[in-house]
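Visitor: After the structure tokens below, expect a handful of questions from me.
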Amino acid sequence: MLYQSTRNKNLAVPAAGAIAQGLSRDGGLFVPVSLPALRPGDIETLAKKPYIERAVSIMKLFLEDFTEEELRAFARAAYGPESFNHADVAPVAPLDGNTAFLELWHGPTCAFKDMALQMLPHLLSASLTKTAEQKDVCILVATSGDTGSAALEGFRDVKRTKIMVFYPEDGVSDIQKLQMTTQEGGNVGVCAVAGNFDDAQSGVKAIFSDEGLRETLNKAGWFLSSANSINWGRLLPQIVYYISAYCDLVNRGTVKNGDKINFCVPTGNFGNILAGWYAKRMGLPIDKLICASNCNNVLTDFIATGTYDKNRDFTTTISPSMDILISSNLERLLFELSGRDDGLIAGYMKALAETGRYTVSKTIFDGVAAEFRSGWSTDSETKKTIRQVFGKHRYLLDTHTAVAVNVLDKYREASGDTRFTVVVSTASPYKFCDSVLDALGEDSRLDGMALIERLEKVTGTTAPAPLKALGGKTVRFRDCVEKDAMTGVVTRFLS
Ligand SMILES: *Cc1c(COP(=O)(O)O)cnc(C)c1O
């Protein structure tokens, strides 16, 4: 199966090429030229298998240039018991009669990015070999939190790769900082940048566009790549858990095979919810996909009106992984809903770059309106939801998942839709201890490990083992540099 660019359908490459390149040369995103369909009976068959085998079966449909044995080896390395501390990998936890959580945070860094970033490095490393790429890859990441630790943990000791992560000195939580600075592995590097996330990100962008540096690195046998969510190798592993969740619900008799359910997804870059849409297109019985945002609510407005407009103030919230004004993966959805009109999509993306806005055609808007619903939640509503759900169900939500629960409540209230809904739960509450303690009305003026202990004490819940273990780890990375010294950090790292 070939993958084509959303901005030029004639640029088509095999799966390994799409994964090795990440982004198409024309700036477009790679999508499969056709979507495999789930056949009648597939759900029953998949439902009998454990998560790792579900992943192999589903990924195989998209990756014809990989063997089943390869995919099985990758899935075992990615989702085995050394990485995931839950036998179901992505378990479904019921809340009440028509709501359940799909918990995507049982991986090594306790956020849903692990689902994709445990798999991507294996796909990428193998893709380099399949495409006869001579150079090895160095992944550069600027992170405001979750992506950095998940990418480090995923690429740790994966052959033909190195990874360097830059984080803003004053822009990540104590726990996120500890996760990164204590990272183990022989091919990893971590460095703080004086300033905020924008400083770290613009520094990384400057490195990517430095032609001279690229040439020097090429000669030394390296090319630079990023681990962000536009790579197909990051999206594909996410399709698996939507199908897996449905299988689990069928196994338990919660839904009858064939009955449609809704998913409600806390959304930033539109990667997670797009994977749900792909699962739906493959034939998974999904009715509505509910897109939940915080007050950076560009997507709420887009889904309601058909106009995407990023010309608005950026707000820092207690759900930082959703503080995004450009949701890159939306481009893939628009491409599909337009009937694969690459010229039209290229035009929208040009308008977005030049004016910060575009309005989609009626065909696309009707497609969006048929399948998506949207809503958003303020920080104080999000905190109220954490407090209420814990009070009523003794189930502790993180700040991102709480946005989704809040939006689902409002959607149900307004629409009267009582269909069974799975809320996609994207992080352990222990990753955002201070905001969660705050929401519960508890004192949050403590640092790192003390916050974890306090949250355990006041809720009677247990923190995930990887976070508790941080207290006993040695800090390996202490460097902090000015933005203009980042290039030097990368050259030293690769020499
Ligand atoms: C990255 C992230 C999100 C947003 O996911 P997208 O795929 O960018 O929409 C939501 N919650 C958490 C905890 C995350 O880390």
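Visitor: For the stretch 155-202, which whole percent of the accessible surface, found with a 1.4 angstrom probe, sits on carbon and sulfur atoms?
Guide: Answer for the stretch 155-202 is 42 percent, counting heavy atoms of protein chains only.
Visitor: In whole percent, what relative contact order does the stretch 240-300 give with Cα contacts below 8 Å and a gap of six or more residues?
Guide: Reported relative contact order: 36 percent.
Visitor: Please compare each pair in 49/260; 9/135; 410/457 to a cut-off of 24 Å on the Cα-Cα distance and tell me which ones are over it. Numbers along the way, then the final one.
Guide: Values: 49/260 21 Å; 9/135 27 Å; 410/457 31 Å.
Violating the 24 Å limit, Cα to Cα: 9/135; 410/457.
Visitor: Rg to Rh ratio, the stretch 215-349, alpha-carbon atoms and Kirkwood radius?
Guide: Ratio of gyration radius to Kirkwood radius for the stretch 215-349: 1.04.
Visitor: Could you list, in their original order, any pairs among 280/468; 130/280; 60/468; 130/483; 60/310 whose Cα atoms are separated by more than 32 Å? Provide the component values of the computation, followed by the final result.
Guide: Values: 280/468 37 Å; 130/280 30 Å; 60/468 36 Å; 130/483 36 Å; 60/310 37 Å.
Check vs 32 Å cut-off fails for 280/468; 60/468; 130/483; 60/310.
Visitor: Hey, another quick one. Using Stokes-Einstein with the Kirkwood hydrodynamic radius over Cα pairs, what translational diffusion coefficient do you get for the stretch 182-291 at 10 °C and a viscosity of 1.306 mPa s, in µm²/s rounded to a whole number? Kindly include the intermediate steps, with their values, before the conclusion.
Guide: Values: Rh = 17.7 Å.
Estimated via Stokes-Einstein, D reaches 90 µm²/s.
Visitor: GluC sites (Glu not before Pro), restricted to the stretch 108-184: which are DSSP loop and have at most 13 other Cβ atoms within 10 Å? Can you show the working numbers first?
Guide: Numbers: sites: 133, 153, 169, 184; in loops: 133, 169, 184.
Answer by residue number: 184.
Visitor: Between residue 2 and residue 305, what is the FRET efficiency for a Förster distance of 45 Å, r being their Cβ-Cβ separation, to the nearest 0.05? Numbers along the way, then the final one.
Guide: Working: r = 34 Å, r/R0 = 0.77.
Once the sixth-power term is evaluated, E becomes 0.85.
Visitor: State the extension gain, in nm to one decimal, for the chain segment bounded by residue 209 and residue 384, taking 0.36 nm per residue of separation less the distance between their alpha-carbons. Display every interim value, and only then the final one.
Guide: Numbers: separation 175, 0.36 × 175 = 63.00 nm, distance 4.41 nm.
Gain in length upon complete extension: 58.6 nm.
Visitor: So what is the relative contact order of the chain, in percent, for Cα pairs below 8 Å that sit 6 or more residues apart?
Guide: 18
Visitor: Modelled label-to-label distance, residue 160 and residue 461, 7 Å Cα→beta-carbon offset: nm?
Guide: 4.1
Visitor: Please compute the alpha carbon radius of gyration of the stretch 367-419, then divide it by the globular-protein estimate 2.2 N^0.38 Å. Two decimals is fine.
Guide: 1.22
Visitor: So what's Rg/Rh here for the chain, counting alpha carbon atoms and using the Kirkwood radius for Rh?
Guide: Over the Cα atoms of the chain, Rg/Rh equals 0.94.
Visitor: Calculate the FRET efficiency for residue 88 and residue 415 from the Cβ-Cβ distance with a Förster distance of 30 Å, rounded to the nearest 0.05.
Guide: Values: r = 31 Å, r/R0 = 1.02.
The value I calculate is 0.45.
Visitor: A further question on this structure: Test of the criteria: in the stretch 283-382, which chymotrypsin sites (Phe, Trp or Tyr not before Pro) are in a DSSP loop and have at most 14 other Cβ atoms within 10 angstrom of their Cβ?
Guide: On the way: sites: 302, 308, 314, 335, 348, 358, 365, 372, 376; in loops: 314.
Within the stretch 283-382, the qualifying chymotrypsin sites (Phe, Trp or Tyr not before Pro) (loop, at most 14 other Cβ atoms within 10 Å) are 314.
Visitor: Specify the inter-centroid distance of the stretch 88-127 and the stretch 439-495, based on alpha-carbon positions, in whole Å.
Guide: Measuring centre to centre over Cα atoms gives 21 Å.
Visitor: Work out how much length residue 53 to residue 169 would gain on full extension: take 0.36 nm times their residue separation and subtract the Cα-Cα distance, in nm to one decimal.
Guide: Additional length available on full extension: 37.7 nm.
Visitor: Can you run phi through the Karplus equation (6.51, -1.76, 1.60; θ = phi - 60°) for the stretch 8-15 and list ³J(HN,Hα) in whole Hz, with x for Gly and Pro?
Guide: Once θ is set to phi - 60°, the couplings for the stretch 8-15 become 7, 4, 6, 7, 10, 9, x, 3 Hz.
Visitor: Sort out for me the Cα centre separation of the stretch 216-261 from the stretch 283-328, rounded to whole Å.
Guide: A separation of 20 Å, based on Cα centres.
Visitor: Please tell me the relative contact order of the stretch 165-239 in percent, rounded to the nearest whole number, where contacts are Cα pairs under 8 Å and at least six residues apart.
Guide: 29
Visitor: Sticking with this structure for a sec: Just tell me which aspartates and glutamates come within less than 19 Å, Cα to Cα, of residue 384; anything on the same chain fewer than 8 places away is out.
Guide: 96, 398, 409, 413, 434, 438, 442, 443
Visitor: So, one more: Give the calculated FRET efficiency between residue 196 and residue 39 to the nearest 0.05, with a Förster radius of 35 Å applied to their Cβ-Cβ distance.
Guide: 0.10
Visitor: Given +1 on the Cβ of Lys and Arg, -1 on the Cβ of Asp and Glu, and no further charges, what dipole in debye does the stretch 172-219 carry about its Cα centre, rounded to the nearest 20?
Guide: 100
Visitor: While we're on this one: Which chymotrypsin sites (Phe, Trp or Tyr not before Pro) in the stretch 204-278 sit in a loop by DSSP (not H, G, I, E or B) and have at most 16 other Cβ atoms within 10 Å of their own Cβ?
Guide: In loop regions of the stretch 204-278 (DSSP not H, G, I, E or B), there are no sparsely surrounded chymotrypsin sites (Phe, Trp or Tyr not before Pro).
Visitor: Full-extension gain between residue 363 and residue 492, please, as 0.36 nm times their residue separation minus the C-alpha to C-alpha distance.
Guide: Length gained between residue 363 and residue 492: 41.3 nm.
Visitor: Between the stretch 154-186 and the stretch 375-413, what is the C-alpha centre distance in whole Å?
Guide: Taking the Cα centre of each part, the stretch 154-186 and the stretch 375-413 sit 30 Å apart.
Visitor: Find the accessible area per residue for the chain; the probe is 1.4 Å, ligands and nucleic acids are left out, and the unit is Å².
Guide: 38
Visitor: Over the stretch 283-376, with every protein chain in place, what whole percent of the accessible area is carbon and sulfur at 1.4 Å, could you tell me?
Guide: Looking at the stretch 283-376 in its full context, I get 53 percent from C and S.
Visitor: Where a Cα-Cα gap under 20 Å defines reach, which aspartates and glutamates qualify for residue 219, not counting those fewer than 8 residues away within the same chain?
Guide: 133, 136, 210, 211
Visitor: Sticking with this one: With each pseudo-label sitting 7 Å past Cα toward Cβ, what's the residue 313-residue 132 distance in nm, one decimal?
Guide: 5.7
Visitor: Could you work out [θ]222 nm for the chain from helices alone, using -39500 (n - 2.57) per DSSP H run of at least four and dividing by all its residues? Round to the nearest 500 deg cm²/dmol.
Guide: Rounded to the nearest 500, the figure is -13500 deg cm²/dmol.
The values are calculated or read from the model by the stated rules, or taken from the named source; none is laboratory data. Keep in mind it's a predicted model, so treat the numbers as computed, not measured. All Cβ positions, even for glycine, are placed from backbone atoms using ideal geometry, and neighbour counts span all protein chains on display. Each accessible area value is taken on the protein alone, full model and side chains, heavy atoms only, with ligands, DNA and RNA left out. Shrake-Rupley method; radii C 1.70, N 1.55, O 1.52, S 1.80 Å.
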